[in-house]
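The values are calculated or read from the model by the stated rules, or taken from the named source; none is laboratory data. Remember, it's a predicted structure, so these values are computed and weren't measured experimentally. Backbone-built Cβ (ideal geometry, glycine too); neighbour counts: all protein chains shown. Calculation scope for accessible area: heavy atoms of the full protein, side chains included, ligands and nucleic acids excluded. Shrake-Rupley method; radii C 1.70, N 1.55, O 1.52, S 1.80 Å.
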Amino acid sequence: MVTVEDGRIVAADNACTLGEQKFLGEPRLKGPIQREGKGWKDITYDEAILRTVEMLRDAERPLLFGWSGTHVEAQCIGVHMAEVLRGVIDNTSSVCHGPSILAIQEVGHPGCTLGQVKNRADLVVYWGCNPIEAHPRHLSRYTRYAEGFFLPNDYLDRTVIVADIRKTETGNIADEFVQVTPGGDYAVLSALRAIVRGKRDIIPRSVAGVPREQLFRIADRCLNAKFIAFYFGLGLTMSRGKYKNVRNAIELVSELNRHTKATISAMRGHYNVYGSNEVNTWMTGYPFGIDFARGIAFYNPGETTAIDVLARRECDACLVVASDPAAHFPRACVEHLADIPTVVIDPYPNATTAFADIQIPVAVTGIDAAGTAYRMDGVPIRMRRVLKTDYPSDEEILGRMYAMLQEDHPP
Amino acid sequence: MNEILIKNACVIDPISGINGEIMDIAVSDGRIVEEVGSGAEVIDAEGFLTLPGGIDSHTHICGTKVNFGRYMSPEDMRAGRTPRRGRMHSTSGYSVPTTYGNSYRYSGMGYTALLEGAMAPLEARHTHEEFAYTPLQDTMANVLFDGNWAIMEAVREKDTKRAAAIVGWTLAAVKGFGVKLTNPGGTEAWGWGKNVSSITDVVPYFEVTPGEIIDTMIRATEMLALPHSVHIHCNNLGLPGNYRTTLDTFDLVPDLNRKRQTLYATHVQFHAYGGTSWSDFCSKAEEITRSVNEKPQIVIDMGQVMFGKTTTMTADGPMEFNLYRLHHNKWSNHDVELETGSGIIPVLYRRKNLVNSIMWAIGLELALLTKNPWQCLLTTDNPNGAPFVRYPEIIGLLMSRKYREAEFATIHPDTEHRVSLPSIERELDWQEIAVMTRAGQARALGIVDIGKGRLAPGAEADIAIYPLKIGEVDPGREYERVIEGFRQTEYTIKRGRIVSRRGECLVWGNNTTIWVKPKISERYDMAQDPAFVEKFDRYYTVRMRNYPVQEEYLKRNLCIETETEL
Ligand SMILES: [Zn+2]
């Protein structure tokens, strides 16, 4: 429920803490700006669009990066732009859940929608993630504090296990906390797989800091559960072992399905990063890191991902849409970003603004723009427009750019 | 006005009763007309075989699980890629191509309408978004009701009207076309890692049987006067001995509709297995087709398997898990709250594998032993049995005993003891192939009246011209020419425009999503049913008001409104 007064949002009930920040958030740019000397000057949307198109036209190897914070309709145009430009298009999963995707491409993904978890999961495992901080509504909507059809007494009916290298807030509300030595996730998951396969006798007294008795107890909790929901975060994806950790977790869950019901899912970050994965996949065949240099869609994470293209100083222009690479990328990448022409399309100034030549503010999806987002479980949601402003949407801005680029390449 | 005159077309149009006549076809404004003006663009069909545009009545091309098939399979994406060229965008994929890949390849083969076989209502937006990027065909989506909680509760209460009201509300909300039951009851049981094993097995908690779900849904579908019948993927898919479940299912079906079948059973190849285990696995196509031949109220599609690599994907979650345990390759699963499930695994069908060889033979037996071609349609359950690009080879096999024998000589030698295929002499003719690839589909889907599957004046100008002179080719001997001919049209015409010329797609597309909205009185409007609304908002993770697919997701579309008993 969003309350609007005089064209300004004054209250947002029932929005999660993160959503609230977005709604009531920081000041937005009033219009497009272009770097001039050490400062900025205001330019019109027409000028900003034309200059961006000129930048992309001049580029030999443009990079189109970001996409996680915008709606599906804009993401689709982005793919078409990359194709016509023979550029590289990548999204933020290459720096967060990219390893999870690589694991899925090796062993698959036994998953489900969030409602299955809410209505059925009597055992929830959070591994290397801290939802109380990163996904504050997850526990109340779907797990610990959620009433489900088959679990009318939320707190009592469900068991929660948290595994992490240190006790987080989420660890405090767990029935069982598993403290894993940093870098030990792979070993602990392997031990659990062995136990589930009936090989208790080979388990040493302790595995990566976890005592054998606890490992047995967790495995038994799993084997006795009716429905297990396993969630993992960057603590698993980005620690030693990376995608191998995720692969091991998936294989543990697949193994558990021989005994009971078990599902696994990544706790994804940006609200529509999954939308970008979906769009890229139906349009190009691959979820991220796509290179159109040879006309076909080519995918090779580690080569065609944004960080690598930047670190090799290969791209000569960058369009950043709805994300903030300067805040997350290694320094060498950001330095290259500063050296090449860069345009940011984003409602708010962010760390990347400091390295950009132009920034084009747009409407925010779910506030003053409507559009589609994919929830982390794959359910597509219509984000409504609750406020009418003069800001154009990402879809409009990119649509105009694409129309101009198409004129360069008539069929 | 956009007018075309196709001269010297050798037309087969089974619905209009035209069989191999050389004639002209006039097209104006997207429809077939009696005549056109002198300014019309003239296409010389040179006596080539000219058919209504192909229709696939059961394929998996768009939506959550199809896209997950792509997402998890970069190896398949690499196996088929083309660059951006002319009006064609780049494509990737062999067994699960990108949306453009599907659309261009189907169009090159003369297909102008596609029915996505399985759409979970909760994820319908996704299917419609991909439809928008499948530009060269009309699209329809069957909606999954196999594990729908509200439906199962209505079945338990023996309240067919309520079941019909729920179907009606859901179809209109998600812009769906027809009712799909995938392993009815089994997908809900899979929510607990379980399954059902016959049509009389009881679904945990809900205390209904698959047979009761099927029976209620058939009656509900007729109450709503839906264009298409219930479309079923029977229980026990892929298991030795499952033909009994299939026959039990067929025996449930009354004959309730004058214009079409009362039950459409899909990919029946996967449901026509004898034996008690993989070691005595054998064909029961004779028993299945005997039942179909006695029951005009049933239409089946083949679900043909072709040797090679592909990806299996279905809403039948427990079945995919069983397959995973056999193949030990990667496995994905995706259960959908209060509705259904799904699973995906890659497979390789091998000639040297006895079970795979028997499966290949069963699909062909079904088509050859079903007397009436209107009752057995050509599919592979794309991509489950094989990617749709293999259809021309299947046509070749059905038209040529010689080709079947040549292929049979290359498969597992024990196959001959488990199947009857070698003794079947029948060779299908051009007319029967036209029925099995478009006219039969149009009738089975109930879209003849909106101009599909025929070429008489008033019909939609969806036309496929193949480089085949039927008077000069002997399909029995020259099957290779038949296969080549069906692989690529000279012209594919969609809505009166040339969309594909020798495989090159020439226009952007923008075709029609066909959906159904039953007219239901206020008394049966589920949106005003307090119990339904309360449960919905309590147990789904989206609010009921956010569930319907908004108009924004439909580009060009046609809504078929039906007069119902509610
Ligand atoms: Zn299917």
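Key figures
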read-out	value
From the options B:SER400, B:SER357, B:SER283, residue that is open to solvent by 10 Å² or more (accessible area, probe 1.4 Å), of a type in the set (Gly, Ala, Ser) and more than 16 Å from the ligand (Cβ to nearest atom)	B:SER283
Condition check for A:GLY295: open to solvent by less than 10 Å² (accessible area, probe 1.4 Å) and part of a loop (DSSP other than H, G, I, E, B)	yes
Residues satisfying the stated conditions in region A:203-216, i.e. in contact with a helix residue (DSSP H, G or I) (Cβ under 6 Å, 6 or more places away or on another chain) and part of a helix (DSSP H, G or I)	A:LEU215
Pairs where the first residue, in region A:350-379, is within 11 Å of chain B (Cβ to nearest Cβ) and the second is part of a loop (DSSP other than H, G, I, E, B), C-beta under 6 Å, 6+ apart	A:ALA370/A:ARG384; A:ALA370/A:ARG385; A:GLY371/A:HIS71; A:THR372/A:HIS71; A:ALA373/A:TYR271; A:ALA373/A:ASN272; A:ASP377/A:THR113; A:VAL379/A:THR113
Region A:314-325: number of residues that are assigned to a helix (DSSP H, G or I) and over 20 Å from A:TYR271 (Cβ atoms)	0
Region A:298-313 - residue that is part of a loop (DSSP other than H, G, I, E, B) and either at the interface with another protein chain (Cβ under 10 Å from one of its Cβ atoms) or of a type in the set (Phe, Trp, Tyr) (or both) and, of those, least open to solvent (accessible area, probe 1.4 Å)	A:PRO301
Scope region A:92-146; condition without any contact (Cβ under 8 Å) to a residue 12 or more places away in the chain and of a type in the set (Ser, Thr, Tyr); matching residues	A:SER140, A:TYR145
Cβ-Cβ under 7 Å pairs, at least 6 apart or on other chains, region B:30-48 side assigned to a loop (DSSP other than H, G, I, E, B), far side of a type in the set (S, T, N, Q)	B:VAL36/B:SER28; B:ALA45/B:ASN8; B:GLU46/B:ASN8; B:GLY47/B:ASN8
Selection from region B:377-394 of residues that are part of a loop (DSSP other than H, G, I, E, B), of a type in the set (D, E, K, R) and away from the ligand (no atom under 13 Å from the Cβ)	none
Residue satisfying condition, being assigned to a helix (DSSP H, G or I), open to solvent by less than 50 Å² (accessible area, probe 1.4 Å) and in the same structural domain as A:GLY111 (by TED's automatic domain parsing), within set A:ALA194, A:ALA174, A:ALA146	A:ALA194
Residue under evaluation B:LYS65, criteria (1) within 16 Å of the ligand (Cβ to nearest atom); (2) farther than 18 Å from B:SER107 by Cα; (3) part of a strand (DSSP E or B); (4) not β-branched (Val, Ile, Thr), criterion not met	(3)
Some residue of region B:172-181 being at pLDDT 95 or above, more than 13 Å from chain A (Cβ to nearest Cβ), closer than 21 Å to B:THR266 by Cα and more than 16 Å from the ligand (Cβ to nearest atom)	no
Evaluation of B:ILE22 against (1) within 12 Å of chain A (Cβ to nearest Cβ); (2) in contact with a strand residue (DSSP E or B) (Cβ under 6 Å, 6 or more places away or on another chain); (3) away from the ligand (no atom under 16 Å from the Cβ) (one fails), failing number	(1)
Residue count, region B:306-332 (criterion: within 18 Å of B:MET359 (Cβ to Cβ), more than 13 Å from the ligand (Cβ to nearest atom) and touching a residue at least 24 places away in the same chain (Cβ under 8 Å))	6
Test: residue in region B:425-442 that is within 16 Å of the ligand (Cβ to nearest atom) and closer than 28 Å to B:ASP316 by Cα	yes
Residues of region B:192-222 satisfying the condition of being surrounded by 21 or more Cβ atoms within 10 Å (Cβ to Cβ) and in contact with a strand residue (DSSP E or B) (Cβ under 9 Å, 6 or more places away or on another chain)	B:PRO210, B:ILE213, B:ILE214, B:MET217, B:ILE218, B:ALA220, B:THR221
Residue, farthest from the other protein chains (Cβ to nearest Cβ), within region A:278-296, restricted to residues that are closer than 18 Å to B:THR134 by Cα and touching a strand residue (DSSP E or B) at 6+ places or on another chain (Cβ under 7 Å)	A:ASN280
Counted residues, region A:1-57 - those being part of a helix (DSSP H, G or I) and either open to solvent by less than 30 Å² (accessible area, probe 1.4 Å) or modelled with pLDDT of 90 or more (or both)	14
Subset of region A:247-263 [in contact with a Leu (Cβ under 6 Å, 6 or more places away or on another chain) and part of a helix (DSSP H, G or I)]	A:ASN248, A:ALA249, A:LEU252
Scan of region B:241-254 for residues that are within 16 Å of the ligand (Cβ to nearest atom) and open to solvent by 10 Å² or more (accessible area, probe 1.4 Å), ordered by number	none
Residues within region B:185-240 that are more than 16 Å from the ligand (Cβ to nearest atom) and assigned to a helix (DSSP H, G or I), tallied	19
Which numbered condition B:ARG85 misses (of (1) modelled with pLDDT of 95 or more; (2) away from the ligand (no atom under 16 Å from the Cβ))	(1)
Checking B:LEU428 against (1) part of a helix (DSSP H, G or I); (2) open to solvent by less than 10 Å² (accessible area, probe 1.4 Å); (3) not aromatic (Phe, Trp, Tyr), the condition it does not meet	(1)
Condition broken by B:GLN269, with the remaining ones in (1) open to solvent by less than 20 Å² (accessible area, probe 1.4 Å); (2) more than 16 Å from the ligand (Cβ to nearest atom) satisfied	(2)
Restricting region A:203-236 to residues that are of a type in the set (Lys, Arg) and free of Cβ contacts under 8 Å to residues at least 40 places away in the same chain, the residue that is most open to solvent (accessible area, probe 1.4 Å)	A:ARG205
Which numbered condition A:VAL273 misses (of (1) at pLDDT 95 or above; (2) within 14 Å of chain B (Cβ to nearest Cβ); (3) within 22 Å of A:ARG382 (Cα to Cα))	(1)
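Residues checked against (1) out of contact with any Cys (no Cβ under 9 Å at 6 or more places or on another chain); (2) open to solvent by 10 Å² or more (accessible area, probe 1.4 Å); (3) in a strand (DSSP E or B):
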{"residue": "A:CYS333", "(1), (2), (3)": "yes, no, no"}
{"residue": "A:PRO347", "(1), (2), (3)": "yes, yes, no"}
{"residue": "A:GLN359", "(1), (2), (3)": "yes, no, yes"}
{"residue": "A:ALA363", "(1), (2), (3)": "yes, no, no"}
{"residue": "A:ARG382", "(1), (2), (3)": "yes, yes, yes"}
{"residue": "A:VAL386", "(1), (2), (3)": "yes, yes, no"}
{"residue": "A:TYR391", "(1), (2), (3)": "yes, yes, no"}
{"residue": "A:GLU395", "(1), (2), (3)": "no, yes, no"}
{"residue": "A:GLU407", "(1), (2), (3)": "yes, yes, no"}
